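Student: Encoded as structure tokens, here's the structure I'll be asking about.
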Amino acid sequence: VGRRVSFGGVNCHPLRRTLALAVALAALLAMAARAGETPLVEFRLKHGDDPRWAERDWDDRDWPVVGRTDGRAVTELDIIPARTGIFWLRYRIERSARPSWGLNVPSFLWPADEPGTPVNSVFLAGTMAHEFYWDGHLIGRSGRVGASRAAEVPGRLDHLMVIPDALLGPGPHVVAMRISTYHYNFPPARFRISPVLGNYGARLSSEARQPIIPLVGAGCSALVAVICAVLFGFVDRRRALVICGLLGLATAVFFTLIAWRWLYPEPYPWLHWRYAAMLAAMAAIGLLMIGLLVEQFSIPHKAWWLLGAGVIVAVVWLQPPFFQVRILWLGRALLGYALLPVAWALWHRRTGAWLALAGVLIGLGSVQQAADLRAVLSPAFFLFFGVLVILLLGALGWQMREGRRHAREAQLAAARLELELVKKNLQPHFLLNTLAVLTEIVERDPRGAVRLIDDLAEEFRAVSRVSAEKLIPLAQELELCRAHLRVMSARTGRAWTLETEGVDSAAPVPPAVFLTLIENGFMHQRTTAGAGIFRLRAQTTSAGAVRYEFLSPGEVQDAPTRPAGGTGLRYVKARLEESFPGRWSLTGEPVSGGWRTVIEIDVQTTGGRA
Amino acid sequence: VRVLIVEDEPLIAQRLERFCREILDDKLETVRVVTAFAEAGARLDESPIDLLLLDLNLHGRDGMELLARSVAGSFHTVIVSASTEQALRAFEFGVIDFVPKPFSKERLAQAIARVTERDGRAAGAAKYLAVKKHGRVELVPIDRIVHLEGAGAYAELVLDDGKRELHDKTLEKLHALLPPGFERIHKSHVVRWSAVKALHAGEGSHYEAELRNGTRLPVGRARYKELRAKLG
């Protein structure tokens with residue numbers, strides 16, 4: 001019931017109208033039930049300015065009634081006109097038969113008050129300049145009441161006023177307030193006030209506790225931002241860390257804005273801007289959160305996801321200016337929306353998706369709980385929202401660990417492949433066979449022996465040029481192949497050549513891929529009569545991929561064992577996967593005159609996938 | 001001596017052939033060259049050989065199977081290969097020598113001597129003898145062989161469970177492959193020395209060895225004294 005009464009804004013948000021109606025109905029029923037038990041408190045308002053209106057016994061019966069309460073609910077809500085000159089507000093309160101007295105609306109009661117503590121203070125949060133009279137005595141003031149915007153000096157937002165002992169008693173007591181509201185900067189023309197009676201000491205200590213939880217939230221969020229900055233700076237330069245850091249920062253700002261009310265006694269016109277800033281911070285949080293989820297789970301169509309979030313922000317922003325509700329709904333809508341990318345990540349089994357789901361669900365649970373209107377959101381929100389941010393960071397950390405593991409494995413694989421390539425040509429089998437041939441040639445044809453040594457040296461130089469590379473121009477690969485073929489020509493005593501067709505000599509290929517296919521040809525095919533010609537034909541497919549057709553001549557000896565792939569083919573596949581992950585294919589088949597290997601590489605999208 | 005060379009690199013094949021001619025000289029009956037073992041198979045049936053110089057890539061199952069088929073033949077096998085890391089395995093299968101590439105004439109002569117000389121022995125220790133059985137090749141662990149019996153161009157392996165396996169090699173060739181510990185006790189008998197329980201001298205210069213499993217085998221007159229001394 002108490003939530004119906006606000007300090008800052010006035011008009012009921014449309015989303016809450018139904019609820020308000022129900023509450024009003026309940027209040028009427030309650031009134032009926034308690035009729036006669038509690039005197040009706042009536043708020044009377046008169047425009048103008050007369051110091052005598054502060055007096056306890058001033059006859060205000062002809063003043064218009066602008067609000068009523070039965071001690072449980074203010075039933076006519078629009079009390080304080082905005083920006084209309086000086087006016088006075090008068091009402092009477094007295095101790096009732098029930099434990100509390102005065103404006104006995106539950107939210108007005110200070111829960112920390114222990115039974116029996118004396119009621120000796122009035123707490124008033126008001127977006128106005130005012131003087132507060134208790135039985136004709138001025139006990140508090142806020143700024144300076146003025147007849148024009150220039151004359152009015154806006155006072156602080158929150159006031160805790162002591163009621164002198166001499167003025168305490170069963171009552172009835174008369175409250176008179178001299179008010180001007182020129183600096184009231186919320187759009188509506190009327191708003192409400194809610195004076196709260198209570199124990200001064202209890203109220204003070206309670207007020208002191210208010211900022212603790214938001215500040216803890218702000219600290220945690222700032223820490224998350226710092227952690228992200230450190231990780232980004234020293235560990236892993238991934239964009240998700242920047243977004244996560246900004247999310248932590250935005251959350252810290254949001255929490256600080258909430259805590260601000262208790263940290264600095266702000267003039268009442270600031271309230272509007274603080275609320276606006278909080279709404280902006282919440283919008284930033286929501287957008288960053290969506291951005292983080294979309295980024296960290298590599299969800300396609302990022303711009304569309306963000307556009308969706310932007311629409312939500314815009315729609316909520318354009319709602320009537322009941323800021324607390326807007327902030328709350330923005331939080332709900334964006335967190336609800338965040339379930340979509342999280343669901344996508346779960347569906348695609350992304351690392352850390354479960355952590356993110358837990359975070360978003362906890363966040364959703366927390367924004368259902370908005371209670372205290374001065375704190376805007378309930379303490380649960382602060383704790384849970386912190387958990388959300390930390391869980392998102394956790395999911396990110398998990399991904400980073402996985403990412404580093406993959407990177408390490410890739411590094412190891414690359415090192416292994418390089419070693420394999422070098423071994424390929426330094427392997428004893430190749431070298432010793434070549435030397436065996438050399439011993440024969442040396443004796444028979446010393447000049448030929450020198451040529452073979454030169455060819456062998458050339459092949460080794462070609463290998464050492466490419467051994468550290470992941471990709472080399474096709475021209476270099478062909479050079480390597482031809483050097484090898486010259487050695488093989490000398491060894492076998494017949495000419496081996498490589499003919500190409502349609503190749504782009506600058507096209508990137510992993511080193512020793514075609515060389516390996518040549519070696520496989522020598523190993524698995526029997527030389528037949530006719531020209532020893534290896535053929536490489538390149539063409540671009542309709543899909544934009546490069547298709548290499550490699551024919552190694554000779555009679556296929558052991559075709560059945562070929563598809564499984566020996567160490568040579570494993571090397572080729574590992575190299576292709578290293579440089580073109582998921583974007584290549586390799587097939588082989590016997591054809592007339594030899595063995596044909598077809599490699600297709602989708603070169604176009606190189607680097608397209610993160 | 002009839003030699004077959006299996007070598008796919010023509011220059012090396014020529015080198016092997018040239019060395020064979022030089023080493024064996026007038027002892028060489030024939031020397032032929034093929035580029036793959038599969039080709040050799042057909043020729044072996046037509047014209048038997050005494051020595052196979054085999055360049056075999058022993059990596060993988062296929063290589064080992066080819067090797068087993070080769071050593072199951074009646075001839076001796078010398079591997080001439082660059083895959084020296086496979087030498088031990090080749091010896092276990094029962095090749096008489098393994099000549100690593102590149103090779104000199106002296107090294108090849110050494111290998112050929114193991115085949116041609118009277119008491120030539122394998123350069124390494126065999127662990128198996130490959131036998132052809134129902135068209136397939138099976139490996140018999142040498143540990144299980146108790147004694148061997150010559151039968152003309154063949155030999156019979158007698159195993160510890162009494163089973164007999166026929167081998168295409170002569171007793172003499174098999175003995176050359178067997179590890180130390182096998183003793184030629186008779187023209188037609190080789191026995192695992194540790195299986196011999198006693199030697200008996202019968203009437204009329206009839207000598208016998210009694211094995212631990214009760215088998216009695218004839219012992220050559222010329223060998224008896226030496227064996228007697230060895231038994232102690």
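Student: Could you state the number of Å between the C-alpha centres of region B:151-178 and region A:283-354?
Tutor: 84 Å
Student: As a test of the definition: with a 1.4 Å probe, what buried accessible area, both sides summed, do you compute for B against A, in Å² to the nearest 100? List each step's numbers first, then the result.
Tutor: Numbers: alone 11720 and 28420 Å², together 38620 Å².
In total, chains B and A hide about 1500 Å² from solvent.
Student: Indicate the gyration tensor shape class of region A:483-540 (rounded, prolate or oblate), computed on the Cα atoms with a ≥ b ≥ c the square roots of the eigenvalues: a/c under 1.5 is rounded; otherwise a/b larger than b/c is prolate and the rest oblate.
Tutor: Prolate, since a/c reaches 1.5 and a/b exceeds b/c.
Student: Something else now. For A:PHE43, list long-range residues whose amide hydrogen, built 1.01 Å from N in the peptide plane, is under 5 Å from its own amide hydrogen.
Tutor: A:VAL66, A:GLY67, A:ARG68, A:THR69
Student: What nm distance separates the two modelled labels at A:ARG144 and B:TYR154, each placed 7 Å from Cα along Cα→Cβ?
Tutor: Computed distance between label sites A:ARG144 and B:TYR154 equals 13.2 nm.
Student: Limiting things to C-alpha atoms, what are the Rg and the maximum Cα-Cα separation (Dmax) for region A:203-247, in angstroms?
Tutor: 15.3, 49
Student: Spelling out what I want: for every residue of region B:154-168, take phi, set θ = phi - 60°, compute 6.51 cos²θ - 1.76 cosθ + 1.60 (Karplus), and round to whole Hz; glycine and proline get x.
Tutor: So the J values, rounded to whole Hz, are 10, 9, 10, 9, 10, 8, 5, 9, x, 5, 10, 10, 8, 10, 6.
Student: For a quick check of your reading of the filter: which GluC sites (Glu not before Pro) in region A:383-489 sit in a DSSP loop and have no more than 16 other Cβ atoms within 10 Å? List each step's numbers first, then the result.
Tutor: On the way: sites: A:GLU402, A:GLU409, A:GLU418, A:GLU420, A:GLU440, A:GLU443, A:GLU458, A:GLU459, A:GLU469, A:GLU477, A:GLU479; in loops: A:GLU469.
Here the GluC sites (Glu not before Pro) that fit, given the DSSP loop and packing criteria, are A:GLU469.
Student: State the percentage of accessible surface on chain B attributable to carbon and sulfur atoms; use a 1.4 Å probe and exclude ligands, DNA and RNA.
Tutor: On the way: 5230 of 10940 Å².
It is 48 percent, rounded to a whole number.
Student: Which residues, if any, in region A:402-450 lose at least 30 square angstrom of accessible heavy-atom surface (probe 1.4 Å) when the other protein chains sit next to their chain rather than the chain being alone?
Tutor: SASA drop of 30 Å² or more in region A:402-450: A:HIS429, A:LEU432, A:ASN433, A:ALA436, A:VAL437, A:THR439, A:GLU440, A:GLU443, A:ARG444.
Student: Taking 50 Å² as the minimum loss, tell me which residues in region B:1-22 lose that much accessible area going from the chain by itself to the full protein complex (1.4 Å probe).
Tutor: Listed by number, the residues meeting the 50 Å² cut-off are B:GLU9, B:LEU11, B:ARG15.
Student: Can I ask one more? Find the accessible area per residue for region B:67-124; the probe is 1.4 Å, ligands and nucleic acids are left out, and the unit is Å².
Tutor: Computed with neighbouring chains in place, this is 36 Å² per residue.
Student: Sticking with this one: What's the magnitude of the charge dipole for region B:45-173 around its Cα centre, counting Lys and Arg as +1 and Asp and Glu as -1 at the beta-carbon? Answer in Debye, nearest 20. Working shown, then result.
Tutor: Details: 18 positive and 21 negative charges, 39 e Å.
With Lys and Arg at +1 and Asp and Glu at -1, about 180 debye.
Student: For chain B, what is the calculated [θ] at 222 nm in deg cm²/dmol (nearest 500), taking -39500 (n - 2.57) for each run of four or more DSSP H residues and dividing by its residue count?
Tutor: Using -39500 (n - 2.57) per qualifying helix, the result is -9500 deg cm²/dmol.
Student: As an exercise, use a Förster radius of 56 Å and the Cβ-Cβ distance of B:SER74 and A:ALA543 to find the FRET efficiency, rounded to the nearest 0.05.
Tutor: 0.40
Student: Report the relative contact order of region B:160-229, percent, no decimals, based on alpha-carbon pairs under 8 angstrom and at least 6 residues apart.
Tutor: Worked out over region B:160-229, it gives 22 percent.
Student: A:THR528 to B:SER205: FRET efficiency via 1/(1 + (r/R0)^6), r the Cβ-Cβ distance, R0 45 Å, to the nearest 0.05?
Tutor: After rounding, the FRET efficiency stands at 0.10.
Student: Pop out a list of residues from region B:89-106 that are at least 50 Å² less accessible with all the protein chains around than in their chain alone; 1.4 Å probe, no ligands or nucleic acids counted.
Tutor: Flagged in region B:89-106: B:PRO102.
Student: Which percent of the accessible heavy-atom area of region A:190-311 goes to carbon and sulfur, probe 1.4 angstrom?
Tutor: 75 percent
Student: Using only the alpha-carbon atoms, what does region A:162-219 span along each of its principal axes? Please give whole angstrom values in decreasing order.
Tutor: 46, 35, 13
Student: Need one number: nm distance between label points at B:ARG2 and B:ARG118, each 7 Å from Cα along Cα→Cβ, rounded to one decimal.
Tutor: Simple spin-label model gives 2.5 nm for this pair.
Student: Moving on. Within region B:104-163, report the GluC sites (Glu not before Pro) that DSSP leaves as loop and that have at most 16 other Cβ atoms within 10 Å. Intermediate values should be presented prior to the final figure.
Tutor: Details: sites: B:GLU106, B:GLU117, B:GLU138, B:GLU149, B:GLU156; in loops: B:GLU117.
Qualifying residues, ordered by number: B:GLU117.
Student: In Å and whole numbers, how far do the C-alpha atoms of region A:253-315 stretch along each principal axis, longest first?
Tutor: Reported extents, whole Å, longest axis first: 47, 23, 9.
Student: Compute the distribution of all C-alpha to C-alpha distances in region B:9-97, in bins of 5 Å from 0, and list the percent of pairs in each, rounded to whole numbers.
Tutor: Cα pair-distance distribution for region B:9-97, in percent: 3, 13, 25, 25, 22, 11, 2, 0.
Student: Give me the distance between the Cα centres of region A:213-260 and region B:72-119, rounded to whole Å.
Tutor: Result: 75 Å between the Cα centres.
The values are calculated or read from the model by the stated rules, or taken from the named source; none is laboratory data. From a predicted model like this one, the values you see are computed outputs, not experimental measurements. When we count neighbours, we look across all protein chains shown, and the Cβ atoms used for this are built from the backbone with ideal geometry, even at glycine. For accessibility, only protein heavy atoms count, side chains too; no ligands or nucleic acids. Shrake-Rupley method; radii C 1.70, N 1.55, O 1.52, S 1.80 Å.
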